[in-house]
Structures are given as structure tokens and as C-alpha cells.
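J.: Would you mind keeping the following structure in view while I ask a few things?
The values are calculated or read from the model by the stated rules, or taken from the named source; none is laboratory data. Just so it is clear, the structure is predicted and the values come from calculations on it, not from any experiment. With ideal geometry, Cβ positions are generated from the backbone for all residues, glycine too; neighbour counts draw on all protein chains shown.
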Amino acid sequence: MTPTQPLPPEVTRIRPSGGWRAVDLREVWRYRELLAFLTLRDIKLRYKQTALGVAWAVIQPLLNVVVATVFFGNLGGMAGRTGTDVPYALLTLAALVPWQLFSYALTQSSNSLVAEQRLITKVYFPRLIVPVASVLSGLVDVAVTLALLVVVMVAGPLLFGWPVVVPSAAVVAVPALVLFAVLAALAVGLWLAALNVQYRDIRYTIPFLTQFWLLATPVMYPAGIVQDARLRLVYGLNPMVGVVEGFRWALLGTAAPDWGMMGVSAAVVVALLTGGVFYFRRMEKTFADVV
Amino acid sequence: MGDVAIRVDGLGKRYTLGGPRERYGTLRDQIGRAGASLRGLLRRRQRADARPPFWALKDVSFEVKRGEAVGIIGRNGAGKSTLLKILSRITEPTEGGADLYGRVGSLLEVGTGFHPELTGRENIYLNGAILGMRRAEIVRQFDAIVAFAEVEKFVDTPVKHYSSGMYTRLAFAVAAHLEPDILIVDEVLAVGDAEFQKKCLGKMEEVAGRGRTVLFVSHNMTAVLKLCARAVILKDGRKVFDGTPAEAIPVHLSHADRILPEWRDDESRPTNPDGLVRLTGARVRQPNGLIGGLMPADKPFDIEIEYIVLNQTSCQIAFRLNRADGETVLTTGDGDVRSVTYRPRLPGRFTSRVRFPGHFLRPGRYYLLIAVNRPAAPPHDLLEAVVHFEIDGVGSLRELDGRLGVVLPQFHWSEDCVGDCPEPLTLNPQRGGL
């Protein structure tokens, strides 16, 4: 067929591709329903065959807060170093909103391609959908933990005499921050997913990675611990620092985050995500042969 | 030129032998190679290039017209699956290209993405989306799919509670309601019970009859004859024939000519990644205990299948005995006598044996298709066309070759005389036999 002839509406051209390719966003969009179904499936399957079911989505953050409050807040003395009158438990719960999404997404997306190897070796679809679906399915936790946070914010003053915490106008930034958290999780998840196809060593590093990352993120302690301005910029290289500080600011009306640090976090997410997408696309064509 | 549906041009796919399968490994493998591993990691590319490349497909070109049904045939390892995977976009070609004009539906397996915990309804939507159906399309076809699968009452039951028959029916029903312009089908999906195979083939005939373009990949000549007006034969990754199926038969048979009475596993052989049983060997053993591919028709022989059970599971060791032209003579499973299909197994190495009586198979060439089946999931392991042997027409039944029938058994006849019986005749021993 000569190039001048118009092509019928649906033409599939199969050619060996070069090394680096951009994402075919139009194609991903065409497969949006598959993305939705895979996300829904992951959500539905999460608490199947568990006695407590969805209650786990509440129990997990609650227990995390209790443990953090006892060990870090009280025994570790962090509760006294928050620099705000917002109770330590609330600060931790607000941080858990994005952190749970991040750690869940890290674990799920890194293993996602290997877990879907039957699909990958039998059917074509943009492979990007697989890790994206596993990250998106973590949004359930965000919703549940947010609801839990609201309950605790109301119940705290009534039951424990905590000071009343009211979010400032910054609360409108929550959707943007959720997106920030999703992108941060995806940025790391894409790298791990693609690497795990080739090197199954990745899956063994995930528990350590998650643990170290948690300690490097101000979830159980305030970001204010890092005082030095230059050190704060380095600290911001961990994108979750920006995300967590942003959530506290938007949900609890604490002081605005260090914007320099936020900027560094955002830049890191953009860089990691762009690199991750390109790396993923480069490795994508060999997934079916290697997985 | 507008009537071309598929154009394949100089398609080639190179694998680095042993490469892709070795490249990833568990941590244990890595520790085993601890010293070399880091350096190896860095040098992977050079090492990979040093291995001899293997072309699973090379310089394959052909065109398929709109509405044409073309069969791609070839023995195991001829490149059929690679071609199928490239055209389905699962893997990329190394060189050359292909254009497909129209909506493509490819079925390498039915029930891909089915999840046991999800209900029939949920699986229909998920599987439909995986196969490329739009939600609106699935909604429109939903009742038809459920009716075709005959699972109306169980549509909101998790499929893990389905019988294996229901499961397969539902999986196939979704695939059958895919309405692509070009359908690419692997015959492997027709592995299953006879009823299911018939349904698959019937549906494909229907699709081909409606003017859709069908590319049917098979090693079964009979099915290709039935469905396709044209056949392309692949051998060692190259196209060696393109013409009518009738003309293709002798070419295909000449490839199957080699008698291979024994098959041994090759460690690099890719198998079902979640298979718990691996076939490791299969052979035909002559009455004297020797392995040989030429069997006298009047003597019994054994078919031996060796396998390793890696993990406790439930399965059926089964094989299909096919004539060289692809027609199935019989299928047998190791639970048949006990009237069970799947039997629980413990890990270990096993050899299963079946004795074939003499005076049973018709002289001619045969091959086996061996499977380790399990309920409601693809087989643990599957070998498409291994162990080729020939039944030689020597012996007492040679003179009977003219009679019709797939098998040529020698039965014992008896007679009863009713009423007034004559004296028995004395047979002249010279004129004995039948």
C-alpha cells in the first residue's frame, strides 16, 4: 500500500521498534475500560476470603496510629516535638493517608507484571495498564483512611478532650495532593515492575525498601526535625516527604510546608515518572518473552 | 489492494538461545552464581551476543485476503506460535513487519484473566475487556453469552464453584461473542473434551462463513481441511508451502515423516509457568523391550510417559493418539479405569505405561499428543506432536488392509446354533483363517 492511500479506520502495524519510545496515550485511553475492570477486580479481591473483610481497611491504619503513638509519640518523645497543638495521633493518621497508598502501590505494582504473566503472554494490551491498575486500587485505602481521619477529628475532642482541629482553606488542595501521591507511587512502581520481570531479586528487596522508606518519611515524626534549610532540600529528594507534609497542611491546617522542599519532591516525582515510563516502554516488548 | 486483510512481509523473530529463560532467576539461582553475578549482570549484553542466535521465524511473507480462512500448519517448533504471538502483538518481531486491516481478535487461550473468586458476571466483563470488547458491546451481548454458556442460574456465583465444564463453556462463550474483522486462533484452545472442540470448530466455521478473515494455527490437517481454503506450511521458521490444503497434505506428511520413537525433555523447553507437573520423556517400547519406531501390527507394544510432579496437585495424565494426517484415533487418560478424571499426586518422578494390544492399530504412521490435565485451568504441561511411530502391516492381518475403519482389531467371534443343528464341518487346515 502506498503512503498516499488512506488507511481504513483500524490498522494494526507491527514493526520492530527502536529502543526508546514515548507512551502511546491514545492507545492507553482506548483501553481505559480494561484499566477500570482490572482496578475494580483488584479492589474486589483484596479482602475476599478474610473473616473481617473490608474492616481491615480501617483496622490497619488504626493499629498503625496506636503503635506509632505509643512508641514514637510517647516513648520516643515525638509528640512533644511536633511544633503544633494538633494531637500526634492525628498528625500520624493524616500522614498515613498517602503513605498507605504508597507502600501498597510499591508492593503491588512491583509484582504486578509477574502476577499477570498469563495475561501478558496470551493477550495484547498496553502493559502500562497493569501497574497503573494496581496503584489505582490503593485509592480505596485513601478514601477509607480519609473517612477515618474525619471520624477521629470529630471524636477526639469529644472523647479525649483533644483540641478541636479544623482544616484551613488549604483543604481544597487534597485532590491535587492525592494525584501527587498516586504519581509518586507510580513513578517508583513502574521502575520496580519492569525490573522485577527481568530480575526477580526485586521482590525480596520490597519489604526492606518499604521499611527504609517509611523511616525516611515523616510519618511517625514531624518533618520539622530536619532543621537545616539545605538539608531540608536533600530531604525533599524523597518525594513522600513533600506528599506527607502537603497532606498535613491540607487536612489539619498546620503550617504551610516548606515550598522549596515541596518543589524538590515534585521535581523528583516528574523525573522518576518520566524515566520510569520510558524505561517501562523500552522493556515492555520483551516482557512476554522474559516473564 | 483494499481487499487485503493481513499482510506479512519478511517477518523474522530471533531468540537468543537459553537467553531469555536464564536471564531472570530466583535469588537462590543468583547466589549459586554469586561470584559471577555482578560482573555477569554488567556483561549480559556481550554474553548474550556471543550465544548463537536462533531464528524462530525467518523471512516469512504472505497475504490474506478479506474473508479468507487460512490455516497455518507446521510441526512443533516450526514457528507457528511465534507467528501467532507476533500477529497478536504479544511479542515484537526482530525484523520485517505485518499490517492487519480491521479489528483484530486473537484467541490464544480461552478464559484468560478469569479469576476464581469473581462471579460469572464479573468474569464476563473482565474477560471481555481483556479480549478487547467495549463495555457497551459486552452489555449488549451479555444475555447471549450467558445463554450460550448455559450458566443462567449461576451467573452471580464465583466461578470457583463452577464445574470444569461450566467454567470452560463460560470462557468459550465470551470468546465466541467477540466480533472482530480478523480472527487469529490457536488450535491449542481446542484442547478439551470432544464436545468443546466441536463447539470451537463449529463457531470458527460460522465466523469464517460470515466473511470474516480467519487465521487458524494448527497441526491438525483435518481441521485445516475442514475450515480453510488455503494452507501455509511453516518449517523451521520458514514458509515452505502456500496453497490449497489438499496439496498441503503430502508436504506436511513429508515433514512428519521422521520416525521419532522417543522424546526427551529439553531443559530450555518453555512450559506453562504455573504447571506443577512436567513431562520429561515419552517413548514407544517394542515387545522385546527395545525402543523403536517401527512396530509389527500383530504384536503388543507399550507407550511410556515420564513426568515429574513438582508439587502436590491433582491431575490426569492423558494422551491422544493421532494418525499422521492429524485424525485422532483415540484418547485415553490414566484415571479411566477407576472412572475418575483427576487423581491427587504427591511429588516425585513417575513413569506411566499403557499397553496396546497387537492386532489393533491399522498399519500407518501415528504420533502422540500428551497432556497433564487439571480441572478448570490450562494443562500443567502439554506436548503437541511428539513420539512418531509406524505400525508395520506385517503379520496375520496384512491381507485385510482393504477394509474400512480407523482401527483394525482382531475380534473373537462365536456362534450359537438355534434349533436343528448340523454336524460341525471339519475345516481343511490348509484353508484356515477367515
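J.: Which of the residues spanning region B:366-378 are touching a Lys or Arg at 6+ places or on another chain (Cβ under 7 Å) and either farther than 19 Å from B:D265 by Cβ or in a loop (DSSP other than H, G, I, E, B) (or both)?
T.: B:Y366
J.: Residues that are of a type in the set (A, V, I, L, M) and buried (at least 19 other Cβ atoms within 10 Å of the Cβ): does region A:227-239 have at least one? Before the answer, list the steps.
T.: Going residue by residue through region A:227-239, those that are of a type in the set (A, V, I, L, M) are A:229, A:231, A:233-234, A:237.
Then keep just the ones that are buried (at least 19 other Cβ atoms within 10 Å of the Cβ); that gives none.
The answer is no, given that none of the residues of region A:227-239 is of a type in the set (A, V, I, L, M) and buried (at least 19 other Cβ atoms within 10 Å of the Cβ).
J.: Restricting to region B:347-365, what's the tally of residues that are in a strand (DSSP E or B), under 26 Å from B:L404 (Cα atoms) and of a type in the set (G, A, S)? Step through it out loud before you land on a result.
T.: Within region B:347-365, the first condition is being in a strand (DSSP E or B), and the residues that meet it are B:348-356, B:361, B:364-365.
Those still in the list that are under 26 Å from B:L404 (Cα atoms) too: B:354-356, B:361, B:364-365.
Then keep just the ones that are of a type in the set (G, A, S); that gives B:364.
Here the count works out to 1.
J.: What's the total number of residues in region B:155-180 that are in contact with a Gly (Cβ under 6 Å, 6 or more places away or on another chain) and without any contact (Cβ under 8 Å) to a residue 40 or more places away in the chain?
T.: The total comes to 1.
J.: Quick check on region B:138-161: of everything there that is in contact with a Leu (Cβ under 7 Å, 6 or more places away or on another chain) and closer than 14 Å to B:V110 by Cβ, which residue is modelled with the highest pLDDT?
T.: B:V159
J.: Separate question: Among the residues of region B:267-285, which ones are away from chain A (no Cβ under 14 Å) and out of contact with any Ser or Thr (no Cβ under 7 Å at 6 or more places or on another chain)?
T.: B:E267, B:R269, B:L279, B:T280, B:G281, B:A282, B:R283, B:V284, B:R285
J.: If I go through region B:129-164 residue by residue, how many of them are under 24 Å from the mean Cα position of the chain (by Cα) and closer than 14 Å to B:A175 by Cα?
T.: Going through region B:129-164 one residue at a time, the tally reaches 3.
J.: Can you name every residue in region B:83-132 that is more than 7 Å from every other protein chain (Cβ to nearest Cβ), over 14 Å from A:K122 (Cβ atoms) and surrounded by 24 or more Cβ atoms within 10 Å (Cβ to Cβ)?
T.: B:L83, B:G120, B:N123, B:I124, B:G128
J.: Being closer than 26 Å to A:R30 by Cβ and aromatic (F, W, Y) is the filter; apply it to region A:94-141 and report the residue that is nearest to the other protein chains (Cβ to nearest Cβ).
T.: Checked region A:94-141; the qualifying residue nearest to the other protein chains (Cβ to nearest Cβ) is A:Y124.
J.: So is B:E327 surrounded by 16 or more Cβ atoms within 10 Å (Cβ to Cβ), more than 15 Å from B:R374 (Cα to Cα) and out of contact with any Pro (no Cβ under 9 Å at 6 or more places or on another chain) or not? Talk me through it step by step, then tell me what you get.
T.: On the way: surrounded by 16 or more Cβ atoms within 10 Å (Cβ to Cβ): no; more than 15 Å from B:R374 (Cα to Cα): yes; out of contact with any Pro (no Cβ under 9 Å at 6 or more places or on another chain): yes.
The answer is no for B:E327.
J.: Which of the numbered conditions does A:P167 fail, given that it passes all the others? Conditions: (1) more than 26 Å from A:T69 (Cα to Cα); (2) in a loop (DSSP other than H, G, I, E, B).
T.: Every listed condition holds for A:P167 apart from (1).
J.: I would also like to ask the following. Which of the residues spanning region A:16-62 are among the hydroxyl-bearing types (S, T, Y) and surrounded by 12 or more Cβ atoms within 10 Å (Cβ to Cβ)?
T.: Correct list: A:S17, A:Y31, A:T39, A:Y47.
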